[in-house]
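The values are calculated or read from the model by the stated rules, or taken from the named source; none is laboratory data. These figures come from a predicted structure and were not determined experimentally. Using ideal geometry, Cβ is built from the backbone for each residue, glycine included, and neighbour counts are taken over all protein chains shown. Surface accessibility is based on the protein's heavy atoms, side chains included, excluding ligands, DNA and RNA. Shrake-Rupley method; radii C 1.70, N 1.55, O 1.52, S 1.80 Å.
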Amino acid sequence: VARIGATRYKVRDEPGDGTVKDPFTTDWYQYFLYQFDLSSLANPTPDYTLALNTITKPVNPPNNGNAYYVTGDMETSGDWVIGANEKIVFIVDGDATIKGKITITPGGFFALIANGNIIIDSSIGVPYTSSTPVVEGVYITNPTGAIETGASVLGTERFVGKGMFVAGNFVLQRDLQPWGHNDEASAELFIYNPQLLFTMPQKMQDL
């Protein structure tokens, strides 16, 4: 609510009680359901409804508030390259497993918001000497969800993520000890990408 002189203007309805959100306790899944007009009051029609939805990179924009809505668990299929003019958001009522690289061409945007865990497959990674991102975008779980990085496998032993990562817990499972490199490199590397603040959809900018 903004006050100008003696007049009060309501800028936008907020979910919950309208108080300042505590980032450590806020249910961001419910928050973004609301922001993308997918809350239970809107009675949304899901784009994917299987118990396990295996999804290749979509080529058509969604019709329900500019976000794909998935009921059930989701896993990506193949490598996804987000184009410079693409803004792709997935909201998943379940767990989400990333089984291929997700990279963003400058100017593009990708977000994955899960009501469960976000799991990185062990095959998604780079050698310990590389800092090339294999997963880019905004990744958010609910307060009880976790981002799990998967175990290290030779050749993809290091996980490199670039963007913004928010979760109730981080389960960092990579380990370079089998190859004797824990003393010289991090098994997980997270790189902040502020450009996403400018390319994200308007419905995420209230945050």
Counting only residues 5 or more apart in sequence or on a different chain, those whose built amide H sits under 5 Å from that of residue 53 are 73, 74, 75
Note to self: C-alpha centroids of segment 175-207 and segment 53-87 sit apart, in Å, by 21 Å
With all protein chains present and a 1.4 Å probe, the order of 170, 36, 198 from largest accessible area down is 198, 170, 36
Between the modelled labels at residue 50 and residue 77 (7 Å from Cα along Cα→Cβ) the distance in nm is 0.6 nm
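Percent of accessible area on segment 98-207 owned by carbon and sulfur, 1.4 Å probe?
Details: 2490 of 4720 Å².
Carbon and sulfur atoms account for 53 percent of the accessible area of segment 98-207.
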Straight-line reach check, residue 57, cutoff 13 Å on alpha carbons, 8 or more apart in-chain or any other chain, hits among aspartates and glutamates -> 75, 79, 86
Expressed in square angstrom to the nearest 10, the accessible area of residue 136 with a 1.4 Å probe stands at 20 Å²
In Å², rounded to a whole number, the accessible area per residue of segment 81-207 with probe 1.4 Å is 42 Å²
